[in-house]
Amino acid sequence: MARVIGPMLSFAASGPFARAISFGTIRGRAYARISKGPKPVRTPEITATQAMFRYLSNIWPDLAPEWKRTWEEAADLAMLDPAQVFRGANLRRWARFLPPAPAPDPDGAQPSLGGQLIDATGGVLHVDLEYTIASTVPFRGIAIHRGTDISMEPQRDNCIAVLDASTLGTYHYTDHGLAPGTYYYRFRSFTTTGTWSGASNRRFATAI
(Lines give C-alpha, C1' and ligand atoms only; values in the text may rest on other atoms or scores of the structure.)
Protein backbone atom coordinates (compact mmCIF):
# COMPACT_ATOMS: atom_id res chain seq x y z
CA MET A 1 0.00 0.00 0.00
CA ALA A 2 1.27 3.48 -0.81
CA ARG A 3 1.57 5.85 2.13
CA VAL A 4 1.51 9.56 1.51
CA ILE A 5 2.04 12.61 3.67
CA GLY A 6 -0.10 15.44 2.37
CA PRO A 7 -1.46 15.33 -1.19
CA MET A 8 -1.11 12.17 -3.27
CA LEU A 9 1.61 13.79 -5.35
CA SER A 10 3.64 14.44 -2.23
CA PHE A 11 7.36 13.85 -2.54
CA ALA A 12 7.08 11.86 0.71
CA ALA A 13 4.95 9.12 -0.91
CA SER A 14 6.36 5.59 -0.82
CA GLY A 15 5.24 2.14 -1.92
CA PRO A 16 2.93 0.82 -4.65
CA PHE A 17 -0.46 2.29 -5.53
CA ALA A 18 -3.15 0.03 -7.03
CA ARG A 19 -0.42 -2.25 -8.42
CA ALA A 20 0.03 0.37 -11.13
CA ILE A 21 2.39 3.04 -9.76
CA SER A 22 5.25 2.82 -7.30
CA PHE A 23 6.57 5.74 -5.29
CA GLY A 24 9.93 5.89 -3.61
CA THR A 25 13.26 7.60 -3.36
CA ILE A 26 16.69 6.88 -4.81
CA ARG A 27 19.62 8.69 -3.21
CA GLY A 28 17.26 11.20 -1.70
CA ARG A 29 15.38 11.89 -4.92
CA ALA A 30 11.67 11.07 -5.09
CA TYR A 31 10.33 9.11 -8.04
CA ALA A 32 7.06 7.70 -9.35
CA ARG A 33 7.14 4.90 -11.92
CA ILE A 34 4.86 2.36 -13.51
CA SER A 35 4.92 -0.86 -11.55
CA LYS A 36 6.20 -3.87 -13.45
CA GLY A 37 4.06 -6.96 -13.14
CA PRO A 38 5.47 -10.46 -12.86
CA LYS A 39 7.47 -11.61 -15.86
CA PRO A 40 5.16 -13.68 -18.07
CA VAL A 41 5.88 -17.39 -18.22
CA ARG A 42 7.16 -18.26 -21.70
CA THR A 43 5.28 -21.49 -22.34
CA PRO A 44 5.84 -23.58 -25.49
CA GLU A 45 2.42 -22.50 -26.76
CA ILE A 46 3.31 -18.81 -26.36
CA THR A 47 6.66 -19.36 -28.08
CA ALA A 48 4.96 -21.07 -31.04
CA THR A 49 2.29 -18.36 -31.35
CA GLN A 50 4.83 -15.54 -31.18
CA ALA A 51 6.99 -17.27 -33.79
CA MET A 52 4.11 -17.43 -36.24
CA PHE A 53 2.96 -13.87 -35.49
CA ARG A 54 6.44 -12.54 -36.26
CA TYR A 55 6.57 -14.52 -39.49
CA LEU A 56 3.16 -13.25 -40.64
CA SER A 57 4.06 -9.65 -39.81
CA ASN A 58 7.37 -9.89 -41.66
CA ILE A 59 5.98 -11.61 -44.75
CA TRP A 60 2.98 -9.32 -45.36
CA PRO A 61 4.89 -6.40 -46.96
CA ASP A 62 6.39 -8.76 -49.57
CA LEU A 63 3.19 -10.66 -50.30
CA ALA A 64 2.17 -10.50 -53.96
CA PRO A 65 -0.45 -7.78 -54.68
CA GLU A 66 -2.91 -10.34 -56.06
CA TRP A 67 -2.78 -12.23 -52.76
CA LYS A 68 -3.15 -9.07 -50.70
CA ARG A 69 -6.31 -8.21 -52.64
CA THR A 70 -7.90 -11.52 -51.62
CA TRP A 71 -8.04 -10.28 -48.01
CA GLU A 72 -9.73 -6.95 -48.79
CA GLU A 73 -13.34 -8.21 -48.79
CA ALA A 74 -13.03 -9.78 -45.34
CA ALA A 75 -11.17 -6.70 -44.12
CA ASP A 76 -13.99 -4.41 -45.31
CA LEU A 77 -16.61 -6.55 -43.55
CA ALA A 78 -14.62 -6.53 -40.31
CA MET A 79 -13.60 -2.86 -40.73
CA LEU A 80 -9.97 -3.86 -40.25
CA ASP A 81 -6.76 -3.52 -42.18
CA PRO A 82 -6.16 -6.44 -44.60
CA ALA A 83 -2.88 -7.22 -42.81
CA GLN A 84 -4.78 -7.73 -39.55
CA VAL A 85 -7.25 -10.08 -41.21
CA PHE A 86 -4.38 -11.98 -42.84
CA ARG A 87 -2.63 -12.44 -39.49
CA GLY A 88 -5.82 -13.35 -37.64
CA ALA A 89 -6.92 -15.98 -40.16
CA ASN A 90 -3.50 -17.59 -40.29
CA LEU A 91 -3.11 -17.60 -36.51
CA ARG A 92 -6.40 -19.52 -36.39
CA ARG A 93 -4.95 -21.97 -38.89
CA TRP A 94 -1.82 -22.22 -36.75
CA ALA A 95 -3.93 -23.02 -33.68
CA ARG A 96 -4.94 -26.20 -35.59
CA PHE A 97 -1.30 -26.77 -36.59
CA LEU A 98 -1.94 -25.80 -40.19
CA PRO A 99 0.69 -23.72 -41.98
CA PRO A 100 -0.11 -20.17 -43.10
CA ALA A 101 -1.66 -19.49 -46.49
CA PRO A 102 -1.25 -16.30 -48.56
CA ALA A 103 -4.92 -16.31 -49.61
CA PRO A 104 -8.14 -17.10 -47.69
CA ASP A 105 -8.87 -20.25 -49.73
CA PRO A 106 -5.63 -22.16 -50.44
CA ASP A 107 -5.96 -25.05 -52.88
CA GLY A 108 -4.26 -27.56 -50.58
CA ALA A 109 -2.06 -29.21 -53.21
CA GLN A 110 0.37 -31.63 -51.60
CA PRO A 111 4.07 -30.70 -51.79
CA SER A 112 7.10 -32.97 -51.67
CA LEU A 113 9.95 -32.90 -49.16
CA GLY A 114 11.84 -29.69 -49.74
CA GLY A 115 15.13 -29.70 -47.85
CA GLN A 116 17.27 -31.11 -45.09
CA LEU A 117 19.15 -30.16 -41.97
CA ILE A 118 22.83 -30.24 -42.88
CA ASP A 119 24.34 -29.58 -39.48
CA ALA A 120 23.63 -28.58 -35.88
CA THR A 121 26.52 -27.13 -33.87
CA GLY A 122 26.37 -26.47 -30.15
CA GLY A 123 27.87 -23.43 -28.45
CA VAL A 124 27.55 -21.42 -25.25
CA LEU A 125 23.80 -21.41 -24.51
CA HIS A 126 22.97 -21.71 -28.21
CA VAL A 127 22.84 -24.07 -31.19
CA ASP A 128 23.61 -23.07 -34.79
CA LEU A 129 21.59 -24.78 -37.51
CA GLU A 130 22.39 -25.03 -41.21
CA TYR A 131 19.73 -26.28 -43.59
CA THR A 132 18.84 -26.31 -47.27
CA ILE A 133 15.75 -25.69 -49.35
CA ALA A 134 16.27 -27.77 -52.47
CA SER A 135 12.94 -28.28 -54.21
CA THR A 136 11.22 -26.61 -57.12
CA VAL A 137 7.95 -26.59 -55.16
CA PRO A 138 7.08 -22.94 -54.36
CA PHE A 139 7.94 -22.92 -50.67
CA ARG A 140 6.97 -19.91 -48.61
CA GLY A 141 8.78 -20.76 -45.38
CA ILE A 142 9.74 -23.31 -42.75
CA ALA A 143 8.86 -24.08 -39.16
CA ILE A 144 11.77 -25.19 -36.96
CA HIS A 145 11.01 -27.63 -34.16
CA ARG A 146 13.11 -28.46 -31.11
CA GLY A 147 12.90 -31.17 -28.47
CA THR A 148 15.01 -32.81 -25.81
CA ASP A 149 14.19 -36.39 -26.83
CA ILE A 150 15.44 -38.25 -29.87
CA SER A 151 11.89 -39.36 -30.67
CA MET A 152 10.73 -35.75 -31.04
CA GLU A 153 8.25 -35.18 -33.88
CA PRO A 154 7.23 -31.75 -35.19
CA GLN A 155 4.23 -30.43 -33.27
CA ARG A 156 2.81 -26.96 -32.85
CA ASP A 157 4.02 -26.57 -29.28
CA ASN A 158 7.62 -27.54 -30.02
CA CYS A 159 7.93 -24.99 -32.84
CA ILE A 160 10.53 -22.38 -31.91
CA ALA A 161 10.71 -20.32 -35.12
CA VAL A 162 8.90 -19.74 -38.40
CA LEU A 163 11.20 -18.38 -41.08
CA ASP A 164 10.96 -17.08 -44.62
CA ALA A 165 12.53 -19.57 -47.04
CA SER A 166 11.01 -18.66 -50.39
CA THR A 167 14.09 -19.34 -52.54
CA LEU A 168 16.35 -22.34 -53.05
CA GLY A 169 19.62 -22.36 -51.16
CA THR A 170 21.34 -22.80 -47.81
CA TYR A 171 20.08 -21.04 -44.70
CA HIS A 172 21.32 -20.56 -41.14
CA TYR A 173 19.46 -20.12 -37.86
CA THR A 174 20.75 -19.70 -34.30
CA ASP A 175 18.65 -20.97 -31.41
CA HIS A 176 19.60 -18.65 -28.54
CA GLY A 177 18.98 -18.70 -24.79
CA LEU A 178 19.27 -22.42 -24.20
CA ALA A 179 20.05 -24.11 -20.92
CA PRO A 180 23.03 -26.49 -21.12
CA GLY A 181 21.94 -29.81 -22.58
CA THR A 182 21.32 -31.79 -25.77
CA TYR A 183 18.63 -30.68 -28.22
CA TYR A 184 17.10 -32.36 -31.24
CA TYR A 185 15.86 -30.43 -34.29
CA ARG A 186 13.67 -31.02 -37.34
CA PHE A 187 11.84 -28.68 -39.69
CA ARG A 188 8.85 -28.72 -42.00
CA SER A 189 8.44 -26.57 -45.09
CA PHE A 190 5.14 -25.14 -46.24
CA THR A 191 4.08 -23.91 -49.63
CA THR A 192 2.00 -21.15 -51.14
CA THR A 193 -0.88 -23.66 -51.17
CA GLY A 194 -0.96 -23.71 -47.36
CA THR A 195 0.22 -27.31 -46.94
CA TRP A 196 3.10 -28.96 -45.11
CA SER A 197 5.94 -30.91 -46.61
CA GLY A 198 7.13 -34.00 -44.84
CA ALA A 199 9.40 -33.50 -41.84
CA SER A 200 13.11 -33.09 -42.47
CA ASN A 201 15.81 -35.35 -41.11
CA ARG A 202 16.80 -35.01 -37.46
CA ARG A 203 19.97 -33.36 -36.13
CA PHE A 204 21.14 -32.81 -32.56
CA ALA A 205 23.69 -30.67 -30.76
CA THR A 206 24.70 -29.87 -27.21
CA ALA A 207 24.57 -26.36 -25.76
CA ILE A 208 27.15 -25.73 -23.05
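Observations, loosely collected:
- Checking the stated criteria, Ala120 turns out to be within 29 Å of Ala199 (Cβ to Cβ) and outside any helix (DSSP H, G or I).
- Taken over segment 165-189, the criterion of being of a type in the set (Phe, Trp, Tyr) and closer than 20 Å to Asp62 by Cβ is satisfied by Tyr171, Tyr173.
- Just one residue in the set Asp157, Asp149 is modelled with pLDDT of 85 or more, of a type in the set (D, E, K, R) and farther than 25 Å from Arg87 by Cα; that residue is Asp149.
- Taking the conditions (1) surrounded by 17 or more Cβ atoms within 10 Å (Cβ to Cβ); (2) at pLDDT 95 or above; (3) not in a strand (DSSP E or B) in turn, Ala179 satisfies each one other than (1).
- Residues that are among the aliphatic types (A, V, I, L, M) and closer than 16 Å to Asn58 by Cβ, drawn from segment 138-159: Ile142, Ala143, Ile144
The values are calculated or read from the model by the stated rules, or taken from the named source; none is laboratory data. Predicted model, so just to flag it, every value in this text is computed and none were measured. Quick reminder, even Gly has a Cβ in these numbers, built from the backbone with ideal geometry, and neighbours come from all protein chains shown.
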